[in-house]
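To keep things clear, I will list the structure first and then write my remarks on it.
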Amino acid sequence: MKNVTGVIFYYYFICKRKLWYFSKDLNMEKGNELVEIGKLIDENSYKREKKNILIDENINIDFIKDWKVIHEVKKSRKIEDAAIWQLKYYMYLLKEKGVDIEKGILDYPLLRRRNEIYLTEDDKYTINNIIEKIDKIQNLHVPPAVIDAPICKKCAYYELCYI
Amino acid sequence: MGETFYIFNNGRLKRKDNNIIVTTPDGRSKNLKSEVTDEIYIFGELDMNTKLLNFTSQQNIIIHLFNYYGFYSGSFYPRETKISGYLLVNQVKHYENLDLRIELAKEFLLSASHNIYRNLRYYNGRNGKNVDLEKSMKEIQSLRNKMKDAEDINQLMGIEGNIRKIYYSRWNDIVNQDINFNKRVKRPPDNMINSLISFINSLVYTTVLSEIYKTQLNPTISYIHQPGTKRFSLCLDIAEIFKPLIGERMIFSLLNKNQITEDDFEINSNYLYLKETGKKKILMEYDKRLMRTIKHKDLNRTVSYRHLIRLECYKIIKHISEEKRYEGFKIWW
Ligand code: SF4
């Protein structure tokens, strides 16, 4: 099974076609150097100064309280589901690496809201399920159909999808 | 959308902090805004060093070099950052399998010859001479039909050669200036029009290269032309489609409006070399043409001529990923 990155996990909730393209390295979004948590932990073995981790342009995770709480600031709640699940996925990955995360915080300063996220046993089950589904999508011979949704207009893949 | 710089001056091109500076021998200097630069064309004699090249590479800027006479020498092409092993494998597969290869090559050349046909149609009965290009148009159409049945690449290229022959034979009718142009001669070009074609084809080639660079396509694996050791042959393939629209229409217009005349050539060189003034006029016009826009039917967006080339790359990507059959760009307006 191919290693499922945080971005791919996130794309699962946004658009499965985008997920497919991305996993074939047909990446249209420029300028985001992806740093994957797993790699980072291996390389830096918990260096304290590496506590702010940019995972992709959407997710910027802060560790607060000595790797116990991960914290993510978002502007809007538009794609909250994807954000919640991505956060849960990071907690899941970190737990697998032996970092025992207590909780995650989704922070919407503009809306003056905070959302505490916990990873339950059920969630772990769901995540495993999703990983399996992601794997199936990645193995499709051709990408899933265009979703024809309003987000397409702003998506970096628009031209590739609609040409 | 990045910018393109054309440099004619002699002098020095250097990196200073995060800027790229051109300095002329008399001390004037200009800052090319490196963050927004995509390409630099160099026609003058410039000194530069590895510090500059490392920087342009890091900024994903391509440098195209032309020699003193205006002939394309090559490009300094940054390390590929967009690589997809998946796509590369499929690109190769479409080259190795002859059926797959000819399918793509045919679509390239059918599109190219459609665009040639449209150029003739555009000038048919125009420009005061009332020239009748109908007969040649018919011949081209029937050759295009033969193209559809071609069984191998050589046959295909033979037909394409015949189409170009007919096309070139009518340029004297399309062009108002009195130039004796009958056939394309490449090395060396032996009259004004041949020199213009050589120069402008190399511009189209470099533009295609810059656009391919922004995608995951590998520029060395091609379908009509032999995969290149000397050149990025996929650029040649794709350029075929755009030469009639971007290059050749420009040649007709430059000559018919007398923007380019014999005076723009070194007469003693037997019209082999364009003077600097001539090159500058062409580049200005070329740049303008690349920025011309049309409304794209499938995308429902306005796109520039230059961007049409990128869209072509996307269509090719979808074809070789076996997602959607490639339909080459054909002038539709
Ligand atoms: S344009 Fe639409 S279908 Fe295509 S990747 Fe983006 S969101 Fe998905």
Exercise for review: Taking only the stretch A:130-143 into account, find how many residues are closer than 21 Å to B:N90 by Cα and either within 14 Å of chain B (Cβ to nearest Cβ) or among the β-branched types (V, I, T) (or both).
Suggested key: 7
**Study point:** Near pairs, Cβ below 7 angstrom, 6+ apart or cross-chain, from the stretch B:79-108 (small (G, A, S)) to any residue that is part of a loop (DSSP other than H, G, I, E, B)
**Key:** B:S84/A:K24; B:S84/A:D25; B:S84/A:L26; B:S84/B:Q216; B:G85/A:D25; B:A105/B:Y223; B:A105/B:I224
Revision key, fill the gap. A:N58 fails exactly one of (1) open to solvent by less than 90 Å² (accessible area, probe 1.4 Å); (2) within 16 Å of the ligand (Cβ to nearest atom); (3) at pLDDT 85 or above, namely (3)
Practice item. Within the stretch A:141-159, count every residue that is within 23 Å of B:I320 (Cβ to Cβ), more than 7 Å from the ligand (Cβ to nearest atom) and assigned to a helix (DSSP H, G or I). Key: 1
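I'm checking my understanding of the structure. Among residues of the stretch B:259-273 that are in a loop (DSSP other than H, G, I, E, B) and aliphatic (A, V, I, L, M), which one is surrounded by the most Cβ atoms within 10 Å (Cβ to Cβ)? Steps first, please.
Keep residues of the stretch B:259-273 that are in a loop (DSSP other than H, G, I, E, B), which gives B:259-261, B:266, B:270-273.
Filter once more, keeping what is aliphatic (A, V, I, L, M): B:260, B:272.
On the way: B:I260: 24, B:L272: 19.
Step by step, filter the stretch B:259-273, then rank; the result is B:I260.
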Check your understanding: Of all residues in the stretch A:110-140, which are aliphatic (A, V, I, L, M) and either within 14 Å of the ligand (Cβ to nearest atom) or open to solvent by 60 Å² or more (accessible area, probe 1.4 Å) (or both)?
Key -> A:L110, A:L111, A:I137, A:L140
Practice item. Sort out for me the helices (runs of 4 or more DSSP H) sitting completely within the stretch B:131-200 that have 3 or more residues that are among the acidic types (D, E). Key: B:134-149
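May I ask you to verify whether B:Y123 is of a type in the set (F, W, Y), farther than 26 Å from B:C235 by Cβ and surrounded by 14 or more Cβ atoms within 10 Å (Cβ to Cβ)? Don't jump to the end; show me each part of the working.
Working: of a type in the set (F, W, Y): yes; farther than 26 Å from B:C235 by Cβ: yes; surrounded by 14 or more Cβ atoms within 10 Å (Cβ to Cβ): yes.
Judged against the criteria, B:Y123 is a match.
Table: residues versus (1) farther than 21 Å from B:Y69 by Cα; (2) more than 14 Å from chain A (Cβ to nearest Cβ).
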position: B:K281; (1), (2): no, yes
position: B:E285; (1), (2): no, yes
position: B:K288; (1), (2): yes, yes
position: B:T302; (1), (2): yes, no
position: B:K315; (1), (2): yes, no
position: B:S321; (1), (2): yes, no
Review point. Looking at the stretch A:143-152, is at least one residue charged (D, E, K, R) and touching a residue at least 12 places away in the same chain (Cβ under 8 Å)?
Key: no
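Based on this model, can you work out whether B:L283 counts as at pLDDT below 95 and either outside any strand (DSSP E or B) or out of contact with any helix residue (DSSP H, G or I) (no Cβ under 7 Å at 6 or more places or on another chain) (or both)?
On the way: at pLDDT below 95: no; either outside any strand (DSSP E or B) or out of contact with any helix residue (DSSP H, G or I) (no Cβ under 7 Å at 6 or more places or on another chain) (or both): yes.
For B:L283, the condition - at pLDDT below 95 and either outside any strand (DSSP E or B) or out of contact with any helix residue (DSSP H, G or I) (no Cβ under 7 Å at 6 or more places or on another chain) (or both) - is not met.
Among residues belonging to the stretch B:290-300 that are closer than 25 Å to B:M250 by Cβ and within 12 Å of another protein chain (Cβ to nearest Cβ), point out the one that is surrounded by the most Cβ atoms within 10 Å (Cβ to Cβ). First the steps, then the outcome.
Quick first cut of the stretch B:290-300, residues closer than 25 Å to B:M250 by Cβ only: B:290-297, B:299.
If we keep only those that are within 12 Å of another protein chain (Cβ to nearest Cβ) as well, we get B:296-297, B:299.
Numbers: B:H296: 17, B:K297: 9, B:L299: 15.
Per the criteria, the residue is B:H296.
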Point to revise | Matching option when the condition is away from every other protein chain (no Cβ under 14 Å) and at pLDDT 85 or above, among A:I127, A:I163, A:I70 | key: A:I127
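Answer yes or no as to whether A:D81 is charged (D, E, K, R), surrounded by 15 or more Cβ atoms within 10 Å (Cβ to Cβ) and either away from the ligand (no atom under 14 Å from the Cβ) or in contact (Cβ under 8 Å) with a residue 40 or more places away in the chain (or both). Spell out how you get there, then give the answer.
Details: charged (D, E, K, R): yes; surrounded by 15 or more Cβ atoms within 10 Å (Cβ to Cβ): no; either away from the ligand (no atom under 14 Å from the Cβ) or in contact (Cβ under 8 Å) with a residue 40 or more places away in the chain (or both): yes.
So A:D81 does not fit the description; no.
Just to be sure before I move on: is B:I221 at pLDDT below 90, hydrophobic (A, V, I, L, M, F, W, C) and assigned to a loop (DSSP other than H, G, I, E, B) in the structure I sent?
Numbers: at pLDDT below 90: no; hydrophobic (A, V, I, L, M, F, W, C): yes; assigned to a loop (DSSP other than H, G, I, E, B): yes.
Taking the combined requirement at face value, the residue does not satisfy it.
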Point to revise | Unmet requirement for B:G158, which otherwise passes all of (1) away from chain A (no Cβ under 14 Å); (2) under 22 Å from the mean Cα position of the chain (by Cα); (3) in contact (Cβ under 8 Å) with a residue 24 or more places away in the chain | key: (3)
Check your understanding: On the given criteria, is A:P150 open to solvent by 70 Å² or more (accessible area, probe 1.4 Å) and farther than 30 Å from B:H307 by Cα?
Key -> no
Review point. Here is a list of conditions, (1) open to solvent by 40 Å² or more (accessible area, probe 1.4 Å); (2) among the charged types (D, E, K, R); (3) within 14 Å of another protein chain (Cβ to nearest Cβ), and B:E276 meets all of them except one; can you say which number that is?
Key: (3)
Check your understanding: Does the stretch B:85-104 contain at least one residue that is closer than 25 Å to B:D287 by Cβ and open to solvent by 60 Å² or more (accessible area, probe 1.4 Å)?
Key -> no
**Study point:** strands (runs of 3 or more DSSP E) fully within the stretch B:18-59 counting 2 or more residues that are in contact (Cβ under 8 Å) with a residue 60 or more places away in the chain
**Key:** B:37-42
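The values are calculated or read from the model by the stated rules, or taken from the named source; none is laboratory data. No experiment lies behind these values; they were computed from the predicted model shown. Glycine gets a Cβ as well: all are built from the backbone with ideal geometry, and neighbour counts include every protein chain shown. These accessible areas exclude ligands, DNA and RNA; they are computed on the full protein's heavy atoms, side chains included. Shrake-Rupley method; radii C 1.70, N 1.55, O 1.52, S 1.80 Å.
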